[in-house]
Structures are given as structure tokens and as C-alpha cells.
2 protein chains.
Amino acid sequence: MPTEQQFLPDDAPADDAAAAPRRGRPGYDRETLLSVCVEVFNRYGYDATSMGTLSRHLGISKSAIYHHVESKEAILGQALDRALDALEAVFSEVLANGSGPVNKLEQILDGSVRVLVAQMPYVTLLLRLRGNSEVEEAALQRRRHLTHTVEDLVRQAQERGELRTDISGKSAPRLMLGMVNSIVDWYQPGRSGTVDQLADTVVTMVFAGLRA
Amino acid sequence: MPTEQQFLPDDAPADDAAAAPRRGRPGYDRETLLSVCVEVFNRYGYDATSMGTLSRHLGISKSAIYHHVESKEAILGQALDRALDALEAVFSEVLANGSGPVNKLEQILDGSVRVLVAQMPYVTLLLRLRGNSEVEEAALQRRRHLTHTVEDLVRQAQERGELRTDISGKSAPRLMLGMVNSIVDWYQPGRSGTVDQLADTVVTMVFAGLRA
């Protein structure tokens, strides 16, 4: 872990970073600090987590945390960016290169499954948000934009006669995204099969159905 | 509302129940008390809700609540029973009368969608549980039993050649239940279409797929 990115206990000099491990009060790089905070948010809920709770779980003082991030909300913002940037990258790539709305929808579901598995704690945090602050509301706004993209693609595909029109074009997009989002609640890497199988199962179920 | 079931402010005599409405501090029947508590649990999270919070939202004293339920956990237990009894009734009925595993799965998804919509706040509470207490663990155990029933039916249907075998028999049951469960996050009665359309869309998507 690069020294210049380390979060250090506030009583440890910076040049101590590469020295022998400190007992109980580790230095953190930006990445590890973020990941520990997100775990704590997911365990106790963001609102119920204070900077004191974070400090206890990180094993560093509050002022050591404040040295690197300005607030609990700033940590939340970074964590949500992680999830949303990854999801938005999938959508942009697919919208630029996919051919036809059904193909785009398939690729979006496939790519979203992979982001959910790769960034599971960050997406979990995103999916449990209630939008009580500006940072949360901004994230929910970005999430809604992704949902609307899926709604538009379903509508286009129905208009072209490529998807059934006897199902609700309003519910179907939310149901397919709900199916993908459920992954954070039950998927256990290794125990629930590979991410390739998972993505295949989602895309097959949604578009071709489970019937043999 | 039947007088003998009313939850009264502890400073109001019982025989006042049928009298003119009291200003600001309503009497509650068991049903209304439960439903207000469940709304509060869903808003703040069960763990973060104290008897004091419930008392404030109900507009009655803590001792008035304790007059009718022995603890916060007892209220939770009643609320979770509401959701689980309804879901279990669907499963029992279908297992007794359905013909073949695919037909049973279709009926279970259809019936579960209807329970989710009809008992939305109770099912929402159930789905957000983390299992930190005996009551929660018992509810999660009952929920797991329902999941295993769906897994068994998918496996039977795959063995009979009625469902695809090129998808993961482990992921598919959880994905279809995840799709159904997502309903509590986005469905708005009236605005998102009827419950009949919703149940049809779920069953069609899962078994026949969306492709025209």
C-alpha cells in the first residue's frame, strides 16, 4: 500500500508508515479506510453510525479520520460514487456500442450483475439508502436515471415488436432490476456459483424464461 | 372498532371509549396499534425504534402500550406473523392443490405477489430483518423454509425436463424470489398498474421470458 495514501493513527509520525506493524492501531490507505467504513455503514445503517462508531471500528481516533475526510457524509459520497460510477460505466459503454434495445438490455443486466458482485458492499449501501441528505438524494437521482434508461429500452423494444406487449412496460423494468439487485442479499461468491453462471441465469430468465 | 380491543390512553377510563373523539390522543384497536408500530419500525429501523419512539408516534404513554403488549419484541412478533402466516397459507394451499412443480411455482409466485401487495408494510419489515433476536431468527427460519420449498420445486421441474437445466438451479429460485420481493421497494398501488397485471408480468417473465 502506497505510503502517501496511508491513513495513520494521529499519534504516529508519517515516516513510521513503512515500519513494523503497530499493535492494534493500524495505518489505513484510502481504499481500506473506505471499505471498513462501508462495512460498518452496512452493518449498523448509515444514520445509526457516528464518527465515534467509525473510529472504534477503524481503531484510530476521530481526528485521524478527519485528517483525511471532512465528514461522515464525505465518506458516504465516495462510497456511493464507487457503486454509481461502475454502474454508469456499464450503461454508457452499452448505450454507445449495443445493437438494438434487446441486445442493450441484455448487456446492461449482464454488466450490472458483474458490478453488483465486484462492488457488493458499495452497491448494498446504495440500495439501502433512504435519501435523508443531499448526498443521498443526489445518489438516488443518479440511480433513478439508470432505471429510466432501462424503462426507455423496454419501451423501444416493445414498440419494435421485440419484447412482449402483454406485460406491463412499467413493472417489467423494475422487476428485472429488482431481480438483479436482490443479488446483494443472498449471493455468496464461491457458494452460489460463478458470476458468469449468475449473469447467464439472469439474462436467460428475463428474456427467454425458465421453461424448457 | 370493538371497544374491548381498544388501546386507550392510560389516563382515559375504559368506558370513555365510545364517547366523542379525544383531542390528539386517540384510542387504538389492536389492528391500528400494530399497523402504526410497523410503519414506525419501517421508517426508523426496528433496532433504532424504542418504546419511547412508539409512544410518541402513537400519542399514548408507554404504560398504555405495555397494558396491551408485553414488549417491543412482542409487537415485532405479531407483525412478522402477519406476513409469514399469509405467505405460508399461499404455499400450503398450492402444495396441496397444484399439479406438477411448474404449475406450483407459478401459483406460488402469483400468490406471493398478492400477499406482498396486500400486506406490504408487514412483508417490508420481514424482508429488512437482520436476525438479531430470537423473534427475528425464528422469522428468518420460517422464511428460509419457504425459499427451500421453491428450490425443491425448481429442482423437481428440472429433473422432469420441464424447466431449463442450463441455468443455475441454485441461483434461479433466489432470483425469482428476489424479483418478487423487490415489489415492496417500488410498487405503488394505483400508479404501477393493478396487482393482476403485476402478478401476470412476474409469472410471464420468469417462465416464458420477455422476448416476443
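Somewhere in the range B:178-193, is a residue facing chain A (nearest Cβ under 7 Å) and in contact with an Asp or Glu (Cβ under 9 Å, 6 or more places away or on another chain)?
Yes, the range B:178-193 has at least one match.
Identify, please: which residue in the range A:66-93 is without any contact (Cβ under 8 Å) to a residue 60 or more places away in the chain and charged (D, E, K, R) and is, among those, farthest from A:Leu129 (Cα to Cα)?
Only one residue tops the list, namely A:Glu93.
If I filter the range A:183-212 down to residues being in contact (Cβ under 8 Å) with a residue 12 or more places away in the chain and outside any helix (DSSP H, G or I), which single residue comes out as farthest from the chain's Cα centre (by Cα)?
Selected residue: A:Pro189.
In the range A:127-186, which residue that is at pLDDT 95 or above and among the hydroxyl-bearing types (Ser, Thr, Tyr) is surrounded by the fewest Cβ atoms within 10 Å (Cβ to Cβ)?
A:Thr147
Give the number of residues within the range A:130-182 that are in a helix (DSSP H, G or I) and within 21 Å of A:Asp110 (Cα to Cα).
28
For the range A:134-177, which positions are touching a helix residue (DSSP H, G or I) at 6+ places or on another chain (Cβ under 6 Å), of a type in the set (Gly, Ala, Ser) and more than 12 Å from every other protein chain (Cβ to nearest Cβ)?
Hit for the range A:134-177 is A:Ala139, nothing else.
Can you tell me which residue in the range B:58-110 is surrounded by the fewest Cβ atoms within 10 Å (Cβ to Cβ), limited to those that are more than 16 Å from B:Thr147 (Cβ to Cβ) and among the hydroxyl-bearing types (Ser, Thr, Tyr)?
Out of the qualifying residues, it is B:Ser99.
Please go through the range B:153-173 and give me each residue that is touching a residue at least 12 places away in the same chain (Cβ under 8 Å) and farther than 23 Å from B:Asp185 by Cα, ordered by number.
Correct list: B:Leu153, B:Val154, B:Arg155, B:Gln156, B:Ala157, B:Arg160, B:Glu162, B:Leu163, B:Gly169, B:Lys170.
Of the residues A:Ala74, A:Ala89, which single one is in the same structural domain as A:Gly178 (by TED's automatic domain parsing) and among the small types (Gly, Ala, Ser)? Break it down into steps so the answer makes sense when it comes.
Numbers: A:Ala74 fails: in the same structural domain as A:Gly178 (by TED's automatic domain parsing).
When all the criteria are applied, what remains is A:Ala89.
Would you point out the residue of the range A:22-49, among those that are of a type in the set (Gly, Ala, Ser) and farther than 27 Å from B:Arg128 by Cα, that is modelled with the lowest pLDDT?
Out of the qualifying residues, it is A:Gly24.
The values are calculated or read from the model by the stated rules, or taken from the named source; none is laboratory data. It should be emphasised that the depicted structure is a prediction, and the values quoted were computed from it without experimental measurement. Because the Cβ atoms are built from the backbone with ideal geometry, glycine has one as well, and the counts that use them run over all protein chains shown.
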